[in-house]
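> One structure, as structure tokens, below. Some questions next.
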Amino acid sequence: MVVNKLSCLFWLGLLAGWISACTSMGPTASIFRPTSPHDQYGQSLKSAKLDRTALGTDWLEAGERALRDSLKISIPYRESGYFSANKAFAVGYRLDAQRGDRFLIRIETQGQKDTQVFIDVFSLEERNRTNLLASSKADTNVLTWEPRKTQSFLIRIQPELLRSGSYTINITREPALAFPVKGRDSRQISSYFGAPRDGGRRRHEGVDIFAPKGTPAVASVDGVITGVGSNSLGGNVAFLTDNERSIRLYYAHLDRWNVTNGQRVSVGDTVGFVGNTGNARTTAPHLHFGIYGIMDGATDPLPFIRLGRGPAKQPLVATSRLGDSIRVSAARSIMRLAPQSDAPIVRELPKASALTIIGGTEIWLRVETPDGLTGYILNSTTESANRPLRRLTLASSSALFDSADRQAGTIKTLEPGVAVDVLAVANSFQLIRSANGQTGWLSLPADPGKPTKAAIR
């Protein structure tokens, strides 16, 4: 096992420059060009035969596992985490998003060397299938992304091989479009999409934004003006076509126009001025703002223009604690799928259960169990595993394993009569520390009716 790791490190070191060159090649580098920097990097590992090594295989498998074992979060969100050069790392975050949202995903890393972190966004389809939608550019740890559908999505982050360090992920949401009335925001909306009109005979196909007569109604996107004219319902109206999103923005009840058909406008340009023309003659001046899909009709404009929720404010777990061994201090604690008390339960953990901090916030730690399960646990139900629970004197020789698995590598064999400190437990294993400070796992007999190999003092 150790020889394999050293071999991987040797070959990966020799080929690091080659991999970097491959992942930065232009479009002609391969007929079957990968679809993202992450895929390009993975393909480079395979081309260099590194997918046949332990570290290369682990890196590829970690990326796939993050798509299956993702953790649920709400936006805005931030948390800290840690990745090691000796262990492949990837994490997936699931979130619900609406068409009209814009997300900014930023990864900040700290370590001895600059580290590229791959950020990929996937849609979650039926039967747990994933579909790649967006990726950060090579050598950047930032991604701005807009969902085109209202559904669940998954964000995967994975650093390149042979890098150690801590990271902080920040995910914030802002509206995809600029607000269409100068000096106003979504707090001035008084009538919403779907509200009944004409005694219930029709539904409101937009939002009403109230402002003094003559207030500029401005372009929410870069686009082309079409449909400048008048009608009985909207009065003076104009359409602004956004080809990037395949939508048309509808400005109605204008007092007057400031544009002509075919005119190109940029965000913030004045389309017209707020009024009360059309069927709004008896109401206060306002802009009726609607959004129509070029292929699918009216859609709710609110997600496109509502205020963002600002920066994430979760207090971060101390960087010094990342990678620490902890244990459950309460009678029992619950590992959850998301950092929320009502999130689905991943596993119930008895007192003294061993865990490793791999990320999270000051309140909710993201932890990993010895058998590789990940989730969130309340920090208040845990404690450091440094202080011994009890002391054992071994009654017979015992193998000290490097993980809580009978198939794991043996660190050494402990002789009878050796005293060790028990730090935590995991099923039929105990995490112990010897007199010289070495830690590892001792296996207990599978049958609890049989005498143990250790006597408790």
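Every number in this text was worked out from the coordinates using simple rules, so none of it is lab data. All of these numbers come straight from a predicted model, not from anything done at the bench. Reconstructed Cβ throughout: ideal geometry from the backbone, glycine too, with neighbour counts over all protein chains shown.
> Could you pull out the pairs from Lys72/Lys137; Lys87/Lys113; Lys113/Lys137; Lys49/Lys87; Lys351/Lys412; Lys87/Lys351 whose alpha carbons sit more than 21 Å apart here?
Going by Cα-Cα distance, Lys72/Lys137; Lys351/Lys412; Lys87/Lys351 fall outside the 21 Å limit.
> Under unit Cβ charges (Lys, Arg +1; Asp, Glu -1), what dipole magnitude, rounded to 20 debye, does the chain have relative to its Cα centre?
620
> Let me ask something additional. Could you work out the longest stretch of the chain that avoids the chymotrypsin sites (Phe, Trp or Tyr not before Pro) located in DSSP loops with at most 15 other Cβ atoms within 10 Å?
193-457
> Provide the net charge surrounding Thr439, with neighbours chosen by a C-beta distance below 10 Å and charges set as Lys +1, Arg +1, Asp -1, Glu -1.
-1
> Using the Karplus curve 6.51 cos²θ - 1.76 cosθ + 1.60 with θ = phi - 60°, work out ³J(HN,Hα) for each residue of the stretch 162-167 in order, rounded to whole Hz, and write x for Gly and Pro.
6, 10, 10, x, 9, 9
> On to the next question. Relative to the longest principal axis of the chain, what angle (0 to 90°, nearest 10) does the C-alpha long axis of helix 54-68 take?
That works out to roughly 50 degrees.
> If we count GluC sites (Glu not before Pro) as exposed when they sit in a DSSP loop and have at most 12 other beta carbons within 10 Å, what is the longest stretch of the chain that avoids them all?
Between the exposed loop sites, the longest stretch runs 245-457.
> Now, a different point. In Å, what Rg and Dmax follow from the Cα atoms of the stretch 53-131?
14.3, 44
> Go through the stretch 286-315 and name the trypsin sites (Lys or Arg not before Pro) that are in a DSSP coil and have 10 or fewer other Cβ atoms within 10 Å of their Cβ.
Loop-located and lightly packed - Lys313.
> If I fit a long axis through the Cα atoms of helix 2-23 and take the longest principal axis of the Cα atoms of the chain, what angle between them do I get, 0 to 90°, rounded to 10?
Value to nearest ten degrees: 20.
> Here's something else I'd like to know. For the chain, find the longest principal axis of its Cα atoms and tell me its angle to the long axis of helix 37-47, 0 to 90°, nearest 10.
The angle comes out at about 40 degrees.
> Quick one: net charge around Pro303, please, counting Lys, Arg +1 and Asp, Glu -1 for every other residue with C-beta under 13 Å from its C-beta.
+3
> Take each of the peptides 213-219, 137-143, average the number of other beta-carbon atoms within 10 Å over its residues, and list them starting from the highest.
Listed from highest to lowest mean packing, they are 213-219, 137-143.
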